[in-house]
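One structure below.
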Amino acid sequence: MESLIPPLLAIILAITTRNVVISLFIGIFSGHLFLNNFNFVLAFIALFEGIIALFKDAWFTKTIFFVLLIGSILRLIVNSGGVNGFVEYLTHKKNIIQSKRGALLLAYIIGIIIFIESSITSLIAGAVARPLTDKYGASREKLAYVCDSTSAPICSLIPLNAWGALLIGLITSQINAGVINGNAIEIFIWSIAFNFYAIITLLFVLFIIITDKDFATMKTAEKKAKPQHSCFSKSKGNLWYMVLPILVLIIMMPISLYFSGDGNMLEGSGSTSVFFAVVTSLFFSYFYYIFNNVMDNKTWFENFYAGINDMIPIGIILILALSIGNITQLLETGPYLASIATGNINPTFIPAIIFILSGIIAFSTGTSWGTFSIMIPIAVAFFDASHLSLTIAAVVSGGVFGDHCSPISDTTIISSMASKCNHIDHVNTQLPYALVGGVISMILFLCAGFILN
């Protein structure tokens with residue numbers, strides 16, 4: 001039972017204090033107290049030693065650099081006039097977007113198109129659409145909901161990104177261990193059709209945008225929202241100053257996956273790929289802006305450093321979020337929750353149980369990827385080979401669902417910051433919508449379990 005206290009403490013404090021950093025810090029410290037027999041000195045030392053130890057892993061260091069550098073890209077495309085040019089093109093030159101619905105649809109479309117990594121999806125969708133959603137009176141909470149709902153869900157449905165590489169790798173490890181048989185890529189691709197929560201969420205957010213039928217706390221937030229001016233740059237706008245750097249970023253992702261996977265994109269390193277994609281985009285923007293007299297060398301570097309500074313809060317939160325994830329692993333939170341669900345279970349209910357359990361773990365730990373790593377080895381033991389894709393889909397759906405609801409989730413936090421929305425306000429307004437998708441998904445997994453058994 002003690003393994004549940006650190007994540008639950010962090011979640012409760014985040015909701016009550018509205019301070020995510022302090023809440024995560026206290027949650028991590030409480031976990032180290034359990035691990036060090038309530039010796040406060042040892043727990044305090046272990047907390048910071050654990051944080052430093054995170055940087056021993058190359059993938060983590062690359063991820064932190066990626067987060068900081070994506071801030072530079074966003075700052076550069078904003079202050080170059082790229083975002084202004086893009087907004088001007090859509091609203092005046094082409095009259096494409098002239099309403100709140102259109103502005104939110106833009107965020108939705110960006111979220112669908114830029115499926116290379118959930119953080120990039122949220123950050124770019126928020127930065128690009130925010131001037132328009134502000135102008136037409138959409139609440140920041142609504143924008144954060146759209147960004148969050150088109151980040152992890154779309155990424156979990158695509159094989160050719162970091163998410164696909166992780167899931168295929170986890171399935172491959174079970175095949176190599178002799179636990180299951182089959183082709184990892186084929187199993188994952190078949191699972192996409194059963195990824196009910198991701199599919200429902202993408203359809204539901206589109207329905208909400210088109211109909212403007214909000215409910216619960218989101219309805220209140222929308223009533224309070226008023227049109228406001230949100231202009232980031234006084235420079236003359238040109239949409240290509242935004243489009244080309246982002247295009248380079250998108251194109252470099254599969255190329256990096258290909259090379260890091262020795263010719264196989266599905267075996268490439270997600271952290272390596274997003275890191276080099278961002279670095280390449282920055283190099284491109286430097287030469288492109290200077291060659292076209294958009295910025296001089298000094299101005300480019302001023303924006304580069306300012307962008308890194310913008311993302312330091314997110315970097316700190318990600319470090320703490322991963323730290324509490326490590327604490328839950330050391331305390332075996334996932335296996336403890338899984339053990340509660342094991343026993344004499346009717347096979348009909350197994351897909352729904354896996355979905356719910358994965359959701360609870362993701363909500364408690366704030367990480368869908370960590371949930372996949374914990375639950376896939378446990379879940380594949382329940383079904384025979386003919387039902388593997390449904391099992392994998394139940395884990396992925398549950399992981400995305402719990403991550404979507406959790407106030408300590410990195411994607412939830414990044415969506416709040418990308419939209420410049422109060423984080424707890426985002427959690428409170430998104431939660432009713434996420435629960436609707438979760439309930440529908442659970443019913444569909446019950447139906448699938450009944451049909452296949």
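Count of region 33-89 residues, restricted to those that are polar (S, T, N, Q) and more than 28 Å from the chain's Cα centre (by Cα), is 3. With the condition kept exactly as written, say whether any residue in region 253-269 is in a loop (DSSP other than H, G, I, E, B), surrounded by 16 or more Cβ atoms within 10 Å (Cβ to Cβ), among the polar types (S, T, N, Q) and touching a helix residue (DSSP H, G or I) at 6+ places or on another chain (Cβ under 8 Å). Yes, there is a match, as at least one residue in region 253-269 is in a loop (DSSP other than H, G, I, E, B), surrounded by 16 or more Cβ atoms within 10 Å (Cβ to Cβ), among the polar types (S, T, N, Q) and touching a helix residue (DSSP H, G or I) at 6+ places or on another chain (Cβ under 8 Å).
Any idea which of Leu69, Leu123, Leu143 is touching a Lys or Arg at 6+ places or on another chain (Cβ under 9 Å), buried (at least 18 other Cβ atoms within 10 Å of the Cβ) and among the hydrophobic types (A, V, I, L, M, F, W, C)? Even if it seems obvious, please write down each step before you answer.
Values: Leu69 fails: touching a Lys or Arg at 6+ places or on another chain (Cβ under 9 Å); Leu123 fails: touching a Lys or Arg at 6+ places or on another chain (Cβ under 9 Å).
One residue alone meets the criteria, Leu143.
Yes/no per residue for (1) at pLDDT 85 or above; (2) of a type in the set (A, V, I, L, M); (3) more than 30 Å from Ser273 (Cβ to Cβ):
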site: Ile200; (1), (2), (3): yes, yes, no
site: Ala225; (1), (2), (3): no, yes, yes
site: Gly237; (1), (2), (3): no, no, yes
site: Met253; (1), (2), (3): no, yes, no
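Give me a count of the residues in region 114-152 that are closer than 23 Å to Thr367 by Cα and in contact (Cβ under 8 Å) with a residue 60 or more places away in the chain.
Going residue by residue through region 114-152, those that are closer than 23 Å to Thr367 by Cα are 114-126, 141-152.
Narrowing further to those that are in contact (Cβ under 8 Å) with a residue 60 or more places away in the chain: 114, 116-120, 122-126, 141-149, 151-152.
Counting residues in region 114-152 that are closer than 23 Å to Thr367 by Cα and in contact (Cβ under 8 Å) with a residue 60 or more places away in the chain gives 22.
Once region 186-221 is narrowed to residues that are more than 30 Å from Thr133 (Cβ to Cβ) and either charged (D, E, K, R) or touching a helix residue (DSSP H, G or I) at 6+ places or on another chain (Cβ under 6 Å) (or both), the residue that is surrounded by the fewest Cβ atoms within 10 Å (Cβ to Cβ) is Glu186.
The criterion of at least 3 residues that are at pLDDT 85 or above and either out of contact with any strand residue (DSSP E or B) (no Cβ under 9 Å at 6 or more places or on another chain) or among the charged types (D, E, K, R) (or both) is met, among helices (runs of 4 or more DSSP H) falling completely within region 293-398, by 297-330, 350-365.
How many residues does region 18-45 hold that are under 18 Å from Glu2 (Cα atoms) and in a helix (DSSP H, G or I)? Give the steps one after another, and end with the answer.
Filtering region 18-45 for residues under 18 Å from Glu2 (Cα atoms) gives 23-40, 43.
Those still in the list that are in a helix (DSSP H, G or I) too: 23-35, 40, 43.
Selection size over region 18-45: 15.
With the condition kept exactly as written, say whether any residue in region 79-93 is in a helix (DSSP H, G or I), under 30 Å from Ala393 (Cα atoms) and of a type in the set (D, E, K, R). Within region 79-93, not a single residue is in a helix (DSSP H, G or I), under 30 Å from Ala393 (Cα atoms) and of a type in the set (D, E, K, R).
The numbered conditions (1) within 20 Å of the chain's Cα centre (by Cα); (2) closer than 24 Å to Pro407 by Cβ; (3) among the aliphatic types (A, V, I, L, M) are all true for Leu106 except (2). Within region 100-136, being modelled with pLDDT of 85 or more and part of a loop (DSSP other than H, G, I, E, B) holds for one residue alone: Tyr136.
Only one entry of Val436, Val427 meets the criterion of being assigned to a helix (DSSP H, G or I), touching a residue at least 60 places away in the same chain (Cβ under 8 Å) and in contact with a Ser or Thr (Cβ under 8 Å, 6 or more places away or on another chain), and that entry is Val427.
Of all residues in region 422-453, those satisfying the criterion of being in contact with a Cys (Cβ under 9 Å, 6 or more places away or on another chain) and hydrophobic (A, V, I, L, M, F, W, C) are Val427, Leu431, Ala434, Leu435.
Take region 281-298 and flag every residue that is surrounded by fewer than 16 Cβ atoms within 10 Å (Cβ to Cβ) and not aromatic (Phe, Trp, Tyr).
Of all residues in region 281-298, those surrounded by fewer than 16 Cβ atoms within 10 Å (Cβ to Cβ) come to 283, 287, 290-293, 296-298.
The answer is Ile290, Asn292, Asn293, Asp296, Asn297, Lys298.
The values are calculated or read from the model by the stated rules, or taken from the named source; none is laboratory data. These figures come from a predicted structure and were not determined experimentally. Heads up, the Cβs are rebuilt from the backbone with ideal geometry, glycines too, and the neighbour counts pull from every protein chain shown.
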